[in-house]
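Notes to accompany the following structure.
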Ligand code: GLN
């Protein structure tokens, strides 16, 4: 069920808010053994809220159940970030995003499984075990917002929240046949989102279609005095008949030919609704993964230093404080998180900073300026969301291969611009394919509307 369908049923009283939450709970009970999409179920609390709730048409998400990635704080609930190191930690804060969704009437039903600290592309890097794709259980659901995509695809909730640094809402949405938006940097408050890469992280909606994604985004974005990087929303409208750029470098990259064939289909559909196409160029697109894999480990090595066994969750005791830090972190963090902390610490260290971190910052600026330049010639850029469709659980062992999954979802975060992924057909094995629009800052709504038009045709 999508949001307007649920609203119609609630309005006509064909279903009560409580029954809607109970439906979600039933789907969770029936499938969770196979899917492992949830870390903390909140159905009991949700039912208490739903019992008292009355559908209010003036609220865009009135009585709509949703799932929340477990790196986003809900006051009084467990917060694990998919990691052992947070132990039994319960959040003392409510994130601005979830607070605003509550204000819009939505009801949180679960905290979802995720790659540890949002580092991963498959859901397999969670300390709580891998999540599986509800469309085909031998496949991964994508990551790092793995449980958030699985929860929507399996009907545990009508929509969900994820966080997107290098594609973590878009890639899992694409793997599960959903829509998702990575918002313009700063438009959704990061207050109450556990920091991975502060200069890139954004909370984004995941839903059945782009109309729903936009409804959710509108309810949670906007200036927040609790996040100094948050900005006032000021829309950029795309023309009725947009000029859309396709980067010519796409054709030199390692992208599944079936996905590239559907890109041409998508282009035709867009031409059918009046869009014009041009070639654009992002010469350094191929360096985006390497750039991202220096910037994000550098920032996360600093951000994750707060998990020291004193302030939060897990503490592996030792009479010597230094040893206690080491033991806690060694025991509490998983392999991928340790890898990134090591790389980041190295890249920031004296003597290596110039060679690694600073070079990556320069390349980030270069890639961003190439995107801005492409977007000065076109209104939006069309690419696939991912180089492959969903792959099998346990099929990628090499971390570098895992990192390569993010090739097409990294550049937007580096540049702070928005991107919308929408479902567009399937490959010959029946696995969903996502297409992606990227646009200038503040074009989020126009991109989502354009995606909705493609979904309609
Ligand atoms: N897959 C990417 C990574 O491993 C993206 C993660 C994210 O967007 N949070 O870093």
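Brief remarks on what is shown
- Criterion (over 18 Å from residue 183 (Cα atoms) and away from the ligand (no atom under 16 Å from the Cβ)) met by exactly one of 428, 443, 452: 428
- So residue 305, is it surrounded by fewer than 16 Cβ atoms within 10 Å (Cβ to Cβ) and touching a helix residue (DSSP H, G or I) at 6+ places or on another chain (Cβ under 9 Å): yes
- Test: residue in region 47-65 that is in contact with a strand residue (DSSP E or B) (Cβ under 8 Å, 6 or more places away or on another chain), closer than 20 Å to residue 169 by Cα and within 16 Å of the ligand (Cβ to nearest atom): no
- Options 446, 373: the member that is surrounded by fewer than 19 Cβ atoms within 10 Å (Cβ to Cβ) and closer than 29 Å to residue 241 by Cβ: 373
Yes/no matrix, rows are residues, columns are (1) free of Cβ contacts under 8 Å to residues at least 40 places away in the same chain; (2) farther than 23 Å from residue 144 by Cβ; (3) assigned to a loop (DSSP other than H, G, I, E, B); (4) touching a strand residue (DSSP E or B) at 6+ places or on another chain (Cβ under 7 Å):
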position: 304; (1), (2), (3), (4): no, no, no, no
position: 318; (1), (2), (3), (4): yes, yes, yes, no
position: 326; (1), (2), (3), (4): yes, yes, no, no
position: 341; (1), (2), (3), (4): no, no, no, no
position: 386; (1), (2), (3), (4): no, no, yes, yes
position: 395; (1), (2), (3), (4): yes, no, yes, no
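- Taken as a whole, the structure places residue 271 among residues that are loosely packed, with under 15 Cβ neighbours inside 10 Å, farther than 19 Å from residue 407 by Cα and in contact with a strand residue (DSSP E or B) (Cβ under 8 Å, 6 or more places away or on another chain).
- Taken residue by residue, region 340-355 has no member that is modelled with pLDDT under 95 and surrounded by 20 or more Cβ atoms within 10 Å (Cβ to Cβ).
One line per residue, one yes/no per condition, for (1) in contact (Cβ under 8 Å) with a residue 24 or more places away in the chain; (2) near the ligand (Cβ under 9 Å from one of its atoms); (3) surrounded by 24 or more Cβ atoms within 10 Å (Cβ to Cβ):
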position: 150; (1), (2), (3): yes, no, yes
position: 169; (1), (2), (3): yes, yes, yes
position: 173; (1), (2), (3): yes, no, yes
position: 176; (1), (2), (3): yes, no, yes
position: 179; (1), (2), (3): yes, no, yes
position: 186; (1), (2), (3): yes, no, no
position: 195; (1), (2), (3): yes, no, no
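- Residue tally, condition assigned to a loop (DSSP other than H, G, I, E, B) and surrounded by fewer than 18 Cβ atoms within 10 Å (Cβ to Cβ), over region 234-245: 7
- When region 80-126 is filtered for residues that are within 16 Å of the ligand (Cβ to nearest atom) and either part of a helix (DSSP H, G or I) or surrounded by fewer than 24 Cβ atoms within 10 Å (Cβ to Cβ) (or both), the ones remaining, listed by number, are 97, 116, 117, 118, 124.
- Any hit, region 408-423, residues being away from the ligand (no atom under 16 Å from the Cβ) and surrounded by 22 or more Cβ atoms within 10 Å (Cβ to Cβ): yes
- Selection of region 53-79 for residues being surrounded by fewer than 22 Cβ atoms within 10 Å (Cβ to Cβ), within 22 Å of residue 221 (Cα to Cα), in contact (Cβ under 8 Å) with a residue 12 or more places away in the chain and out of contact with any helix residue (DSSP H, G or I) (no Cβ under 6 Å at 6 or more places or on another chain) yields 56, 57, 59, 62, 75.
- The number of residues in region 136-162 being farther than 24 Å from residue 21 by Cβ and in contact with a helix residue (DSSP H, G or I) (Cβ under 8 Å, 6 or more places away or on another chain) comes to 6.
- Among the residues of region 277-299, some residue qualifies, meaning at least one is away from the ligand (no atom under 16 Å from the Cβ), more than 23 Å from the chain's Cα centre (by Cα) and assigned to a loop (DSSP other than H, G, I, E, B).
- Residue identified as away from the ligand (no atom under 16 Å from the Cβ) and in a helix (DSSP H, G or I) among 360, 374: 374
- With respect to (1) on the phi > 0 side of the Ramachandran plot; (2) surrounded by 24 or more Cβ atoms within 10 Å (Cβ to Cβ); (3) assigned to a loop (DSSP other than H, G, I, E, B), the lone exception for residue 129 is condition (2).
- Among (1) over 13 Å from the mean Cα position of the chain (by Cα); (2) buried (at least 24 other Cβ atoms within 10 Å of the Cβ); (3) more than 26 Å from residue 1 (Cα to Cα), the one test that residue 199 misses: (2)
The values are calculated or read from the model by the stated rules, or taken from the named source; none is laboratory data. Given the structure is predicted, the values throughout are model-derived calculations rather than measurements. Here the Cβ is made from the backbone with ideal geometry for all residues, glycine too, and neighbour counts use every protein chain on show.
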